[in-house]
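No lab work stands behind these numbers, since they all come straight from the coordinates. Everything numeric in this text was worked out from a predicted model, so none of it was measured. Cβ placement follows ideal geometry from the backbone for every residue including glycine, while neighbour counts extend to all protein chains displayed.
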Amino acid sequence: MDYALDIFMIAVSGMLINNFVFYYFVGICPFIGVSRRVDMALGMGGAVTFVMSIAAFMAWAITTFLLVPGAPITRWVGSLFMPAAAAARIDLTILTYIVYIFVIAGSVQFVEMYVRKFNPRLYRSFGVFLPLITTNCAILFACLTIMSHIVGVENPSEIWGLGKSLTLAVFGGGGFTIAIVIMAGIREELDLCDIPVPFRGAPITLIVAGILALAFMGFAGVDAGLRQAISGG
Amino acid sequence: MTDQPTPLERLIQGVLPENPVFRQLLGLCPTLAVTAGLKPALTMGGAVAFVLLSANIIVSLIRNLLKPHLRIVVFTLTIATFVTITDRFLAAYMYTMSKTLGPYIPLIIVNCIIICRCEVCASRQSVFTAAADAVGQAAGFTLALAGIAFVRELLGTGMILEFKVLPSFWPSWVVMILPPGAFLTFGLLMGLINWFVAYRSRNRKPGGNT
Amino acid sequence: MVISDSRSKRRRLPQAWLVLVLAVGLGSALAAVHVTLSPVIAANRLNETLARIPALLEPKPDPAGGGRASSALKIEPRDVQVKKKDKTTFYKVYQVAREDHFLGWVVKAAGQGYADKIELLVGLDPGIKTITGLFILDQKETPGLGNKIITAAWRDQFAGKNAGQPLRLAKGDPGKHNAIDAISGATISSRSVTRIVNQVTRDLRGTLGTELGKPES
């Protein structure tokens with residue numbers, strides 16, 4: 001029951017309250033560049049969510065089983081060369097960022113290959129976004145958030161398992177999709193407006209994003225209230 | 001090769017005319033995230049400068065050995081290594097700042113500025129040129145970040161770097177240091193700069209005013 | 001076609017070597033950084049907490065104490081588990097003594113605030129009868145409003161309060177015995193901190209309070 005509550009809170013928080021675009025400022029480049037039409041925005045959002053989930057799964061798995069001190073695989077391999085106690089202390093977390101970025105690049109390649117082979121129609125609609133996603137901050141940010149809940153956490157009951165990590169990835173990507181689709185809808189209307197020349201393009205998009213961020217601030221504190229309402233505390 | 005800009009020209013270009021943030025629209029994530037205060041903005045500028053300079057120099061040194069299909073792997077590996085070094089260095093010697101900047105230091109790895117400069121400049125030019133380019137772009141980036149941070153911190157708290165600048169009757173516009181303030185400040189400043197650039201180029205035209 | 005194939009294969013070999021050499025070079029740089037800086041970082045993380053402890057237990061250092069430096073403090077960290085009906089809560093507790101004189105406890109606790117998790121340190125006297133101090137380690141509350149929980153002025157209210165009964169939030173008039181004045185415009189942040197402190201005193205009263213009189217071991 002407690003676990004379900006935690007998952008629910010991570011989902012709501014990742015999607016609305018701590019929205020990746022309007023609170024954490026990640027994924028801004030595609031947000032400004034790709035959000036011209038709603039269907040393109042939806043495609044981009046879907047692609048990002050999909051790749052984010054795969055990358056989050058791999059990031060969680062590699063961090064938990066390979067990188068942290070005391071990880072099973074590292075301990076087993078290490079125990080072949082050194083006493084078990086020393087093997088349990090091998091700390092590979094210095095390699096985290098390098099591993100993550102290659103995992104993300106690999107996930108993108110894998111998704112691109114798979115979609116191109118098995119669903120050419122889908123590939124035509126959002127395949128063009130896939131190479132852009134590798135440098136999308138949002139995916140690396142999701143992996144880093146998951147890492148921060150595994151590495152260096154003193155309380156073993158608070159270390160994130162696969163469920164919580166995937167929830168963050170899926171709902172974080174969903175929040176990104178919501179943001180980019182809303183933005184695309186607004187920009188489609190904005191194209192019909194008479195905007196002063198210096199503000200056309202990126203500046204007006206950023207100002208609109210600011211107003212949207214103001215709106216999303218309305219969600220602040222909802223998680224505290226929800227948690228209290230549900231757990232009756 | 002004679003029509004390529006000289007190293008000095010590259011350096012100066014990077015600061016304002018080809019500013020990575022306001023003109024090229026690269027590296028926007030940290031621009032919005034760390035500019036709530038002037039100190040985090042300057043620290044981030046310094047971190048990006050270190051990574052950009054190191055990556056440019058290394059890539060430029062091995063540019064003749066790089067073949068097209070390995071480029072991205074090599075760039076990514078180099079950049080990720082230097083970002084890790086920067087992150088650890090900050091955590092060791094500027095611990096509170098490292099906590100403030102949080103995940104935005106590792107996000108330098110996917111900062112488009114660095115990959116773009118490696119691709120466009122460092123993989124084709126000599127070490128000195130690449131270094132000059134890096135310094136120019138990093139200076140431009142830091143300037144942009146500092147500019148936005150200055151506005152946000154001043155209007156949001158009335159203070160700059162712990163010094164109270166505005167008189168005490170100033171009602172701090174808290175929204176400036178919150179996310180909406182980041183977007184609004186950045187958008188308005190960019191519009192201003194666009195207007196200024198258009199104004200300058202209008203005045204330089206032979207048939208224009210003055 | 002065959003010629004260009006073998007030529008391209010020959011070209012790929014030095015490139016594979018390039019990536020390998022680069023990886024080894026960068027890898028050793030990373031290893032060097034790791035070995036030199038990890039202890040510094042770990043010390044930073046620990047000191048963040050330890051540096052606060054003296055002020056939490058002795059808010060006004062005794063001027064007549066002469067040369068008793070805070071380096072004479074003996075701080076012993078312990079992990080305490082408090083089992084309740086359906087869940088177990090972990091607390092990091094620091095047992096603090098100076099020259100065989102048991103000064104008290106400092107407990108690191110966390111809880112949900114308005115925006116995100118709030119992490120704080122509570123100072124308690126040896127018998128868990130009085131709260132001696134409060135320090136906010138980590139918070140992400142609204143700047144300018146909920147943020148004010150980190151100010152010394154607000155936190156000092158907790159010093160000297162009775163740990164035997166739960167603290168209550170009073171708006172504007174903290175005249176009552178066990179009341180904390182909420183920050184105007186930041187009731188939820190104030191309430192969250194008070195709730196966390198109450199939880200600490202309630203959970204640890206039974207476990208640690210009975211350690212009174214036992215020699216620090």
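Add +1 for every Lys or Arg and -1 for every Asp or Glu among the other residues with Cβ under 12 Å from the Cβ of residue C:50, and state the total.
Overall, the nearby charge balance is +3.
Per residue of the range C:94-109, in order, report the coupling 6.51 cos²θ - 1.76 cosθ + 1.60 (Karplus, θ = phi - 60°) as ³J(HN,Hα) in whole Hz, putting x for Gly and Pro.
So the J values, rounded to whole Hz, are 10, 8, 10, 9, 10, 6, 6, 9, 6, 7, x, 10, 10, 10, 9, 9.
If you rank C:129, A:164 by fewest surrounding Cβ atoms within 10 Å, what's the result?
Going from least to most buried by this count: C:129, A:164.
Counting Lys and Arg as +1 and Asp and Glu as -1, each charge on the Cβ, what is the dipole of chain A about the Cα centre in debye, to the nearest 20?
600
Which one of A:202, A:175, A:165 has its Cα pushed farthest toward the positive end of the charge dipole of the range A:130-233, where Lys and Arg give +1 and Asp and Glu give -1 at the Cβ?
A:165
Roughly how crowded by other chains is peptide A:214-221, in terms of the mean Cβ count from those chains within 10 Å of each of its Cβ atoms?
4
Of A:164/C:161; C:85/C:148; B:99/C:83; C:85/C:117; A:164/C:83; B:39/C:74, which ones are farther than 30 Å apart at the Cα?
Over 30 Å apart, Cα to Cα: A:164/C:161; C:85/C:148; B:99/C:83; B:39/C:74.
What average count of beta carbons from other chains do you get within 10 Å of the Cβ of residues in A:150-163?
Mean shielding count: 2.
Put +1 on the Cβ of every Lys and Arg and -1 on every Asp and Glu Cβ in the protein assembly as shown; which of B:146, A:49, C:134 then has its Cα farthest towards the positive end of the dipole?
Farthest along the dipole direction, towards plus: A:49.
Pick from A:169, A:86, A:71: which is most flexible by mean-square fluctuation in a GNM of chain A where alpha carbon atoms under 10 Å apart are linked?
Largest GNM mean-square fluctuation: A:86.
How many Cβ atoms of partner chains, on average, are near each residue of B:18-30 if near means within 10 Å of its Cβ?
If you average over the peptide's residues, the count of other-chain Cβ atoms is 3.
When a footprinting reagent is the concern and you count Cβ atoms within 10 Å, what order do A:22, B:22 take, fewest first?
B:22, A:22
Evaluate the charge dipole of the range A:1-122 about its Cα centre and quote only its size in Debye, nearest 20, assuming +1 on the Cβ of each Lys and Arg and -1 on the Cβ of each Asp and Glu.
It comes to approximately 400 debye.
Quick check: the distance between the Cα centres of the range A:174-233 and the range C:144-198, to the nearest angstrom?
34
Sort C:184, A:79, B:98 so that the residue with the fewest other Cβ atoms within 10 Å of its own Cβ comes first and the one with the most comes last.
C:184, A:79, B:98
Identify, among B:102, B:120, B:90, the residue whose Cα sits farthest towards the positive end of the charge dipole of the range B:57-133, taking +1 on the Cβ of Lys and Arg and -1 on the Cβ of Asp and Glu, with the dipole about the Cα centre.
My answer, from the dipole projection, is B:120.
Is there a quick way to get the dipole size of the protein assembly as shown? I mean about its Cα centre, with the Cβ of Lys and Arg at +1 and of Asp and Glu at -1; what is the value in debye to the nearest 20?
Charge dipole, the protein assembly as shown, about its Cα centre: 940 debye, nearest 20.
Given an 8 Å cut-off on Cα distances and at least 6 residues of separation, report the relative contact order of chain A as a percent.
For chain A, the relative contact order is 39 percent.
Mind checking which of B:183, B:50, B:163 has the largest fluctuation in a GNM of chain B, springs on alpha carbons under 10 Å?
Result: B:163 has the largest fluctuation of those listed.
If amide hydrogens are placed 1.01 Å from N in the peptide plane, which non-local residues have theirs closer than 5 Å to the one on residue C:104?
C:96
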